[in-house]
1. Any residue at all in region 122-144 that's within 30 Å of LYS68 (Cα to Cα), in a helix (DSSP H, G or I) and open to solvent by 90 Å² or more (accessible area, probe 1.4 Å)?
2. Exactly one of these conditions fails for PHE66: (1) open to solvent by 40 Å² or more (accessible area, probe 1.4 Å); (2) touching a residue at least 24 places away in the same chain (Cβ under 8 Å); (3) outside any strand (DSSP E or B); (4) farther than 30 Å from GLY229 by Cα. Give me its number.
3. Under 8 Å between Cβ atoms, which residue pairs at least 6 apart in sequence (or on different chains) link something in region 24-40 that is within 14 Å of LEU63 (Cα to Cα) with a partner that is among the β-branched types (Val, Ile, Thr)?
4. Please specify each residue of region 183-195 satisfying the condition of being of a type outside the set (Gly, Ala, Ser), closer than 17 Å to VAL120 by Cβ and open to solvent by 50 Å² or more (accessible area, probe 1.4 Å).
5. Sort through SER46, SER38, SER34 and tell me the only one that's closer than 19 Å to GLU111 by Cβ and open to solvent by 30 Å² or more (accessible area, probe 1.4 Å).
6. Going residue by residue through region 99-115, is there one that turns out to be surrounded by fewer than 14 Cβ atoms within 10 Å (Cβ to Cβ), within 30 Å of PRO188 (Cα to Cα) and without any contact (Cβ under 8 Å) to a residue 24 or more places away in the chain?
7. If GLN127 satisfies all but one of (1) free of Cβ contacts under 8 Å to residues at least 60 places away in the same chain; (2) more than 30 Å from LEU43 (Cβ to Cβ), what's the number of the condition it fails?
Amino acid sequence: MHKCTIFVGIDISKDVFDVYNSEEGHQQFTNDVSGFKSFTKVLTSSHWCVMEATACYHYQLALHLFQKGIQASVMNPLVIKRFIQMKLNQIKTDKSDAKMICLYGQEQPLELWHPAPEYVEECKMLQTVTQLYFKQTTAIKNKLHSLASKGHKTGKTIRSLNRQLKHLQKEIKLLETEMEALIKTHEPALFTKIKSIPGIGKKTAILLIITTNSFKDFASSKQVSSFLGLAPNERSSGSSVRGRSRISKTGNPIVRNHLFLCSFTASVHNPQCKALYDRIVAKGKSKKLALIAVCNKLIKQAYGISKSGLPYDKNYVSKLS
């Protein structure tokens, strides 16, 4: 498939990144602009770099390679971990990991990495900070409740906590307003259409758009469900193993929680979701299972709207139903 390609495995950390390919062997560079420049000097158009998505440490290198026109793939760390286990490799060092990532590139099909649009990255940063502030407001509310239960309802401590709570709530509102403005500027039509789905509100529509890059990175709604951790994992083997099916929970927990809350409204006011919910409950299945199915139905509806460009139709009946 890639006869003329030289695969380069990269194991990246905070300060350095280790590199391995079959021609030059092992090398190490600093994880900064200087290191990136030194690394790209030894690369040609025949090289294909493969690395793991390691929190925030891989992004600048991947972006640098993309800007220089060098082929690169960013893999899910779990995929690389399973590959290394499959090869029965017992050595765990940065050097050995770079070599195994290189081997993965040689043996497995890869997809080229490309950065998300700038507004999506900005929205992700805003969402991350917003979530941090939400956690802080929860901590302050819990502290106020704890003090109130002890009879402390006034005083300097209470006033300080209330001031901090109001400040955080104000910042959250400002950040959410900025996210909405960015989405309305770059994806106004899709934002309006997804909001038209009964059960999906403004915040969930924004989260779906920025998390999936407007659904452009997915070939089906099932891929989106799997990415968000809502795909069911069935555990069965032969006649004796019958594990309980559960969702994978490998995706963004914030989006997953918002969709689950949306499922309560959708199971009542969204005709297709209501029919699905009622059908599952009528079979004797749990209500939670039915609500998770509704979450996946909402994803399917949002995905269908994004690909077709058509508005939500309450009378639409899928040919696959």
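1. Filtering region 122-144 down to residues within 30 Å of LYS68 (Cα to Cα) leaves 122-128.
Now narrow it down to the ones that are in a helix (DSSP H, G or I): 122-128.
If we keep only those that are open to solvent by 90 Å² or more (accessible area, probe 1.4 Å) too, we end up with 125, 128.
Scanning region 122-144 turns up at least one residue that is within 30 Å of LYS68 (Cα to Cα), in a helix (DSSP H, G or I) and open to solvent by 90 Å² or more (accessible area, probe 1.4 Å).
2. (4)
3. ASN31/ILE12; ASN31/VAL16; GLY35/VAL16; PHE39/VAL19; THR40/ILE70
4. In the first step, residues of region 183-195 are kept if they are of a type outside the set (Gly, Ala, Ser); the result is 183-188, 190-195.
Now restrict to residues that are closer than 17 Å to VAL120 by Cβ: 183-188, 190-191, 194.
Answer for region 183-195, where residues must be of a type outside the set (Gly, Ala, Ser), closer than 17 Å to VAL120 by Cβ and open to solvent by 50 Å² or more (accessible area, probe 1.4 Å): LYS184, THR185, HIS186, PRO188.
5. Working: SER38 fails: closer than 19 Å to GLU111 by Cβ; SER34 fails: closer than 19 Å to GLU111 by Cβ.
It is SER46.
6. The answer is no; no qualifying residue exists.
7. Failing condition for GLN127: (1).
Residue-by-condition table, conditions (1) part of a helix (DSSP H, G or I); (2) of a type in the set (Val, Ile, Thr); (3) buried (at least 19 other Cβ atoms within 10 Å of the Cβ):
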site: ILE158; (1), (2), (3): yes, yes, no
site: GLN164; (1), (2), (3): yes, no, no
site: GLU171; (1), (2), (3): yes, no, no
site: ALA181; (1), (2), (3): yes, no, no
site: ILE197; (1), (2), (3): no, yes, yes
site: ILE209; (1), (2), (3): yes, yes, yes
site: PHE215; (1), (2), (3): no, no, yes
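The values are calculated or read from the model by the stated rules, or taken from the named source; none is laboratory data. These numbers were taken from a predicted model, which means no experiment stands behind them. Methodologically, a virtual Cβ is constructed for each residue, glycine included, from the backbone with ideal geometry; neighbour enumeration extends over all protein chains shown. Accessible surface is based on the protein model in full, side chains and every heavy atom, while ligands, DNA and RNA are left aside. Shrake-Rupley method; radii C 1.70, N 1.55, O 1.52, S 1.80 Å.
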